[in-house]
Each structure stands twice: as C-alpha cells, then as structure tokens.
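Below: the structure, in structure tokens.
The values are calculated or read from the model by the stated rules, or taken from the named source; none is laboratory data. What you see is a predicted model, and the numbers here were worked out from it, not measured in a lab. Cβ coordinates were reconstructed from backbone atoms using ideal geometry, including for glycine residues, and neighbour counts include every protein chain displayed.
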C-alpha cells in the first residue's frame, strides 16, 4: 500500500476519538471494537493481534512508551492487513532490518497515528527538544528520533 493511503488511514483512525495529544491508541482500538490486554508474551514478541476475536495483546513488562507504539502498530495490522487470522509482531532481525513489507507498513501507520507530520513540524517550529517532543507524543526518544529522520528533519539527529 502506498504511503499516502497509510497516512490517510492513520488520520481516519485518529479522528475516531477526537483526542488531543498524546494519542492513546487503546481508545482508538476500543472505538473500533477491539480489546487490548497486557500479558506475559514470549521474549521475542512485543505484541499480537487476533483479528476474528478482535483482541490485541502487548507485553506487560515493556515500558509504557513501547506499549503505546505496540498497540498503534497492531492497529496498523488490523486496519491494513486484516485477513481474519492472527498476527504476531516479533522483535527479531526481520522486524529490526525493515525487510518485511507488512511490518514496515504497520510501523509507518503507528508513527503517523501517534506523531502526525503536521504536528511534528509544528513542534519543531516551536523549537521543542527531542525529549520534549517524545514526551508530548508519549513515545520513546528513539521512536521520536526515527520519526524525525524519516521526515527529513536532521536538526535533532
């Protein structure tokens, strides 16, 4: 799926709850009829979604910012890749190297859901620091840095 369509789907999902920042993807999941649970998942799994059951599970020991991104990522799979089965998001070489198109798309969706370009640009114009932007969006500084890099904003790199 092309990036413009993914951005449009992230914008549409964000508008379901009319939230102010930071975006809580759990509220969006609930608005879509999904339930989100924390659980003890295998060491290499950060989240999983069961499409038919409309359930998302995220690793209970992850930092809250990681959990937020994991829920947004699984929402991306639900919206972009729902084939009626299930999906497990693993922390492995495939996910970290960015070679699986579905993982790339789900990450891109999550980044756009939580840190939309217009709002990122507004904050950079206001001279927010990387850490203050990460806090504003409730994401990790690493996720924020990666988002800035993807948007071509090099002042923070």
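Before we move on, is residue 20 surrounded by fewer than 14 Cβ atoms within 10 Å (Cβ to Cβ), touching a helix residue (DSSP H, G or I) at 6+ places or on another chain (Cβ under 8 Å) and closer than 18 Å to residue 112 by Cα?
Considered against the rule, which asks whether it is surrounded by fewer than 14 Cβ atoms within 10 Å (Cβ to Cβ), touching a helix residue (DSSP H, G or I) at 6+ places or on another chain (Cβ under 8 Å) and closer than 18 Å to residue 112 by Cα, residue 20 comes out as no.
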*Just for segment 28-45: of the residues that are under 14 Å from residue 73 (Cα atoms) and modelled with pLDDT of 95 or more, which one is farthest from the chain's Cα centre (by Cα)?*
34
*asked:* List the residue pairs whose Cβ atoms are under 6 Å apart, where the first residue sits in segment 44-59 and is free of Cβ contacts under 8 Å to residues at least 24 places away in the same chain, the second is part of a strand (DSSP E or B) and surrounded by fewer than 23 Cβ atoms within 10 Å (Cβ to Cβ), and the two are 6 or more positions apart or on different chains.
replied: 55/35; 57/37; 57/39; 57/48; 58/38; 59/46
*Just for segment 112-127: of the residues that are touching a residue at least 60 places away in the same chain (Cβ under 8 Å) and buried (at least 19 other Cβ atoms within 10 Å of the Cβ), which one is farthest from the chain's Cα centre (by Cα)?*
116
